[in-house]
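Taken together, the values in this text are just the output of simple stated rules run on the coordinates, not laboratory data. Just so it is clear, the model here is predicted, and its values are computed rather than measured. In this analysis, Cβ positions are derived from the backbone assuming ideal geometry, glycine residues included, and neighbour counts consider all displayed protein chains.
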Amino acid sequence: MKQPKSILVVVDRGGDVSALIKKALLLAQVFGARLELFLCDSEQAYVLGHAYDRAGVGAARAASVAEARRYLSALRDLASPAGVDITMDAQCETPLYESVVRKVLHSVPDMVIKDAPANDAQRHGVSDPNDWQLMRTCPTTLMLSGRRAWRDPPRFAAAVDVSESETGDLSRSVIETAELLARGFAAELHVIYGETGSVSEAAAATQRAKLQRLCAAARIGAGHTHILSGQPERTLPAFLKERGYDALVLGALAHRSAGTTPVGSLTSTLLDALDCDFVLVKSSSYRSPIESASP
């Protein structure tokens, strides 16, 4: 990810909007970026899409967009003292993730920030199909923002996979994105890699050398590089929870031969186990299926 100059903020009136806006403003001030507030009333769009009587559907959709714009305008007025350039847009479309991706393809932001609503079952609301689909199809860096405020300076970590099943391009993008965020806040960055322990010593040595090269390129010293032995699904959540990082940067897509798993099981485990924010990075070669399906 290049230094963000444009950030799209996906607003959900049912979420913790104040926490989301505060983090978006913080990022905008640090990087000199502008914000675009985006609200899509997908629930109303779903209802209208299944209305038996089609009379008045267009007017109802227009009213929904107008109400959303009034809400965003009020948010913008509250945030105006921060001195950040803020624009806004609203839609009434369903499903939500497709509307967000189409907005990304149109506005081409450097980063998307979305609230990850907390609930009793899963802290980050990852049971929501829209969140999963957005993680899979969003063509730019996506931050799922929780309710916990960041420290000053924040604590950043990057979880990378340098095994043979993962491309070096994605690992490099993860570290570069994390290093960019840490540098902007004058914060420390820690890089974590979980070894499975099921590979040969020669393969493990190759992976460690690859990790060292990636960290050296980003000027990350050995004291900030952590290699965990054991199943990553167990070792990574425990290590990260103990360290209490504010934001974890990791790859958004798992590389599977079938190509059908949008987000890997390790990512799912981390999303469920940790209360930090998640910055999900795509490979530079990634192309959204929604983009390819667009006329």
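Just checking the listed ones, Asp246, Asp128, Asp272: in the Gaussian network model of the chain with Cα springs under 10 Å, the one fluctuating most is Asp128. Scanning residues 5 or more positions from Ile113 or on other chains, those with amide H under 5 Å from its amide H are Leu8, Val9, Val10, Met143, with H placed 1.01 Å from N in the peptide plane.
Structure remark: mean-square fluctuation, Gaussian network model of the chain, C-alpha springs under 10 Å; the largest value among Ala79, Ala157, Ala209 belongs to Ala209. Remark: the range 22-34, residue by residue, has Karplus-estimated 3J(HN,Hα) of 4, 5, 5, 5, 4, 5, 5, 5, 5, 9, x, 9, 9 Hz, where x stands for each Gly or Pro and the curve is 6.51 cos²θ - 1.76 cosθ + 1.60 at θ = phi - 60°.
Using modelled backbone amide H atoms (1.01 Å from N, in-plane), which distant-in-sequence or interchain residues come within less than 5 Å of Gly251's amide H? The answer is Val281.
Going from the fewest other Cβ atoms within 10 Å to the most, the residues Lys241, Lys210 appear in the order Lys241, Lys210.
Sort the following peptides by mean Cβ neighbour count (other Cβ atoms within 10 Å, averaged over residues), highest first: 174-181, 142-149.
Working: 174-181: 22.8, 142-149: 20.2.
Per-residue mean Cβ counts within 10 Å order the peptides as 174-181, 142-149.
Using C-alpha pairs under 8 Å with a sequence gap of at least 6, the mean separation divided by the residue count of the range 48-116 gives a relative contact order of 26 percent.
What are the trypsin sites (Lys or Arg not before Pro) within the range 19-85 that DSSP puts in a loop, where the Cβ has at most 15 other Cβ atoms within 10 Å? Could you put the intermediate results ahead of the total?
Working: sites: Lys22, Lys23, Arg34, Arg54, Arg61, Arg69, Arg70, Arg76; in loops: Arg54.
Those satisfying the criteria are Arg54.
Multiplying the residue separation of Ser18 and Glu67 by 0.36 nm and subtracting their alpha-carbon distance yields 15.8 nm. Contact order for the chain, expressed relative to its length and based on alpha carbon pairs under 8 Å spaced 6+ residues apart, stands at 20 percent.
Think of it as helices only: each DSSP H run of n ≥ 4 in the chain is worth -39500 (n - 2.57), and spread over all residues that comes to -13500 deg cm²/dmol at 222 nm.
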